[in-house]
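The values are calculated or read from the model by the stated rules, or taken from the named source; none is laboratory data. Here the structure is a predicted model, which is why all the values come from computation and not from measurement. Every residue, glycine as well, gets a Cβ built from its backbone with ideal geometry; the counts of neighbours run over all protein chains shown.
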Amino acid sequence: MNLLKISIIAILFFGVVQTAYAQTEKLDMDFEITDDEKTILFASFAIAVLGISLFLTRDIILRRKTSYDNKEFESKKERTNEKYNSDWGDDYEELGQRRNAKHDKEFREAVSNDSLTNYYDVLGVANDATQEEIKSSFRELAKKTHPDRTKVDSEEEMAKLNKAYEVLSDKEQRESYDRYLKVS
């Protein structure tokens with residue numbers, strides 16, 4: 001996008017310089033522009049207008065189609081989807097924070113595929129377990145299943161334990177996971 005801005009500015013600058021040069025060449029004459037200069041000026045103006053139009057419509061052009069866009073729903077006719085799921089709410093997010101984090105996407109995809117693993121069962125704790133209970137359960141299970149300790153190929157099982165502990169030990173990820181776990 002920066003290259004587009006720079007090229008638009010360069011074209012406008014070139015057109016202005018050409019016009020100014022044409023005026024200084026013959027001082028005794030009034031404002032006179034040759035046909036070539038008119039062509040260059042018109043082309044640069046047309047390119048500038050096109051560039052500004054593309055810049056202003058970039059969100060519409062680059063918008064990804066969703067499954068909602070491809071189907072015919074009653075809510076499309078009433079525009080209820082736009083009322084409740086518009087992009088206007090994104091303007092009010094705090095700087096530096098993203099709503100749709102990577103783990104949210106993973107949880108959504110797992111729920112849609114019916115493959116959301118119950119991390120509470122993996123660690124053997126209750127859904128309302130405290131951080132200390134989660135931590136102690138993870139450590140006990142890690143000692144039992146670690147590949148260096150058991151000399152058995154248990155890397156996949158250890159990876160599941162690590163993922164479960166990673167999700168349940170982080171407050172934000174756990175809240176998000178609990179929401180998606182209730183949905184599934």
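Which residues, taken from segment 5-16, are loosely packed, with under 13 Cβ neighbours inside 10 Å and modelled with pLDDT of 85 or more? Break it down into steps so the answer makes sense when it comes.
As a first pass, look at segment 5-16 and keep what is loosely packed, with under 13 Cβ neighbours inside 10 Å: 5-6, 9-10, 13, 16.
Within segment 5-16, LYS5, ILE6, ILE9, ALA10, PHE13 qualify.
When segment 106-165 is examined, which residues are found to be part of a loop (DSSP other than H, G, I, E, B) and at pLDDT 85 or above?
First, the residues of segment 106-165 that are part of a loop (DSSP other than H, G, I, E, B): 113-118, 124-130, 146, 151-154.
Of everything in segment 106-165, those that are part of a loop (DSSP other than H, G, I, E, B) and at pLDDT 85 or above turn out to be THR117, ASN118, GLY124, VAL125, ALA126, ASN127, ASP128, ALA129, THR130.
Being over 24 Å from the mean Cα position of the chain (by Cα) and closer than 16 Å to GLU133 by Cβ is the filter here, so list the residues in segment 156-168 that pass it.
Correct list: LEU161, ALA164, TYR165, LEU168.
Out of everything in segment 169-180 that is over 21 Å from ASN113 (Cα atoms) and assigned to a helix (DSSP H, G or I), what residue ends up being nearest to the chain's Cα centre (by Cα)?
That would be GLU172.
Can you tell me which residues in segment 44-65 are within 18 Å of ILE9 (Cβ to Cβ) and either among the charged types (D, E, K, R) or touching a residue at least 24 places away in the same chain (Cβ under 8 Å) (or both)?
Keep residues of segment 44-65 that are within 18 Å of ILE9 (Cβ to Cβ), which gives 44-56, 58.
Once the filter is applied, which keeps residues that are within 18 Å of ILE9 (Cβ to Cβ) and either among the charged types (D, E, K, R) or touching a residue at least 24 places away in the same chain (Cβ under 8 Å) (or both), segment 44-65 yields SER44, PHE45, ILE47, ALA48, GLY51, ILE52, LEU54, PHE55, ARG58.
List pairs: first in segment 128-157 and farther than 27 Å from LEU181 by Cβ, second at pLDDT 85 or above, Cβ under 7 Å, 6+ apart or cross-chain?
PRO147/MET158; ARG149/LYS143
Contact list please: Cβ distance under 6 Å, first residue in segment 17-39 and at pLDDT 70 or above, second residue hydrophobic (A, V, I, L, M, F, W, C), pairs at least six apart or on different chains.
The qualifying pairs are GLN18/ILE40; ILE33/ALA22; GLU37/ALA22.
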